[in-house]
Structures are given as structure tokens and as C-alpha cells.
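Structure first, commentary second.
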Amino acid sequence: MISKKMLDSLNNHLNEEVYSSYLYLSMAAYFEEKNLKGFGQWFKIQSQEEYMHGMKFYDFINQTGGKVNLKAIAAPKTNWKSIMEVFKDTLAHEKHITELINKLVGQAMQEKNYATNNFLQWFVTEQVEEEANVEEIINKLEMIGDNKGGLYMLDRELGARTTAG
Ligand code: FEO
């Protein structure tokens with residue numbers, strides 16, 4: 001049995017993950033238009049990954065006998081001043097998601113809802129990885145600076161990403 005309050009929080013978070021998918025797809029579109037196909041590919045896969053995260057919430061809510069309530073998805077930002085700004089926004093967004101996951105864990109523990117707490121632990125681990133991946137790319141961008149060759153190499157490296165996971 002899941003409380004109404006917990007169910008509302010899980011439904012809210014489902015929306016956050018789908019919004020993340022939408023935001024990263026907007027970033028993919030930004031790069032595609034700039035002919036940085038590798039960056040675009042990385043964000044397309046990232047977008048798919050976020051959709052899968054949303055679906056994990058969708059499935060879990062159903063499994064607990066709760067009702068999924070889909071809400072409006074906010075329009076994402078569509079333009080950035082630089083590649084670095086895109087990744088800084090990505091890192092800030094992931095930190096925001098980490099904070100929300102931590103709050104959900106806190107709520108599940110307070111309600112002694114062990115099943116939900118257990119479900120959320122996958123996301124606790126995932127968020128560490130998500131933040132680390134983005135930080136690594138930011139570090140590379142800092143090293144590259146204005147070097148076009150370096151940017152070309154990074155675009156190729158990021159374009160090799162083929163699966164969400
Ligand atoms: Fe689903 Fe990137 O957090």
C-alpha cells in the first residue's frame with residue numbers, strides 16, 4: 001500500500017524525468033543544427049535514457065496499484081550561447097534531479113515505505129554516474145578550449161554513444 005502523498009511525489013517525479021528527456025532532445029537539436037552530429041547523438045541517447053527513467057516510475061506506480069497521472073511537460077530552453085553552456089546547464093539539471101531523488105528517499109524513509117525506498121536506490125546510484133559523466137565532458141571541454149581539432153575529436157568520441165543505459 002502506498003500513501004497518496006508518496007504517489008503524488010512519484011507522479012511528479014515521472015514528469016521531471018520526461019521533462020529531462022525533452023530538455024536533452026532540445027540540446028540534441030541545438031547541436032544537430034550546428035552540424036555537431038556527435039554531440040547531437042550523445043544528447044539523443046541521453047534523451048532516450050531519461051524517457052526510460054520516466055518509464056521506470058510509470059511501471060513502479062502501476063506495480064504498487066497506484067494510478068499514473070501525466071501532467072503537462074514544460075517547454076525546454078532551445079538556445080545556448082556555447083557548447084560549455086549546454087553542459088553546464090546539463091550538470092545543473094542533473095544536480096536538481098539528484099536533489100529531488102534524495103527528497104523522495106527521505107519521504108519514503110519517513111513513511112517507512114521500504115519498497116519505494118528500494119526502488120529509488122537504483123536512481124541514487126544512477127545520479128552519481130550521471131553527474132560524473134557530465135563533469136568528465138566539462139573537463140574535456142575546458143582542456144580543449146578554442147582548439148578546433150580537439151572539438152572535432154570530442155564530437156567523434158561522443159558520437160560513438162549508441163545505447164542508453
Ligand atoms: Fe534521469 Fe539524468 O536523471
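Condition test on LEU70, is it in contact with a helix residue (DSSP H, G or I) (Cβ under 6 Å, 6 or more places away or on another chain), over 19 Å from ALA160 (Cβ atoms) and aliphatic (A, V, I, L, M)? Spelling it out, it is not the case that LEU70 is in contact with a helix residue (DSSP H, G or I) (Cβ under 6 Å, 6 or more places away or on another chain), over 19 Å from ALA160 (Cβ atoms) and aliphatic (A, V, I, L, M).
When residues in segment 76-103 are screened for being open to solvent by less than 90 Å² (accessible area, probe 1.4 Å), more than 12 Å from the ligand (Cβ to nearest atom) and either touching a Phe, Trp or Tyr at 6+ places or on another chain (Cβ under 8 Å) or assigned to a loop (DSSP other than H, G, I, E, B) (or both), 7 of them pass. Filter segment 104-123 for residues that are open to solvent by 50 Å² or more (accessible area, probe 1.4 Å), in contact with a helix residue (DSSP H, G or I) (Cβ under 9 Å, 6 or more places away or on another chain) and either part of a helix (DSSP H, G or I) or of a type in the set (Lys, Arg) (or both) and give the result. Listed by number, the residues that qualify are MET109, TYR114, ALA115, ASN118, GLN121, TRP122.
Results for (1) on the phi < 0 side of the Ramachandran plot; (2) hydroxyl-bearing (Ser, Thr, Tyr); (3) out of contact with any strand residue (DSSP E or B) (no Cβ under 9 Å at 6 or more places or on another chain); (4) within 14 Å of the ligand (Cβ to nearest atom), shown as yes or no for each residue.
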position	(1), (2), (3), (4)
GLU16	yes, no, yes, yes
TYR24	yes, yes, yes, yes
MET27	yes, no, yes, yes
PHE31	yes, no, yes, no
GLN41	yes, no, yes, no
GLN48	yes, no, yes, yes
PHE57	yes, no, yes, yes
ALA74	yes, no, yes, no
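Could you tell me whether GLU111 is within 12 Å of the ligand (Cβ to nearest atom) and in contact (Cβ under 8 Å) with a residue 12 or more places away in the chain? Walk me through how you get there before you give the answer.
Values: within 12 Å of the ligand (Cβ to nearest atom): no; in contact (Cβ under 8 Å) with a residue 12 or more places away in the chain: yes.
When the stated conditions are applied, GLU111 does not pass them.
Within segment 139-161, the set of residues being in a helix (DSSP H, G or I) and closer than 21 Å to SER21 by Cβ comprises LEU158, GLY159. Of all the numbered requirements in (1) of a type outside the set (Gly, Ala, Ser); (2) under 29 Å from ASP8 (Cα atoms); (3) crowded, with 16+ Cβ neighbours inside 10 Å; (4) within 13 Å of the ligand (Cβ to nearest atom), VAL134 misses one, and that requirement is (2).
The values are calculated or read from the model by the stated rules, or taken from the named source; none is laboratory data. Just so it is clear, the structure is predicted and the values come from calculations on it, not from any experiment. Cβ coordinates were reconstructed from backbone atoms using ideal geometry, including for glycine residues, and neighbour counts include every protein chain displayed. Only protein heavy atoms, including side chains, enter the accessible area calculation; ligands, DNA and RNA are left aside. Shrake-Rupley method; radii C 1.70, N 1.55, O 1.52, S 1.80 Å.
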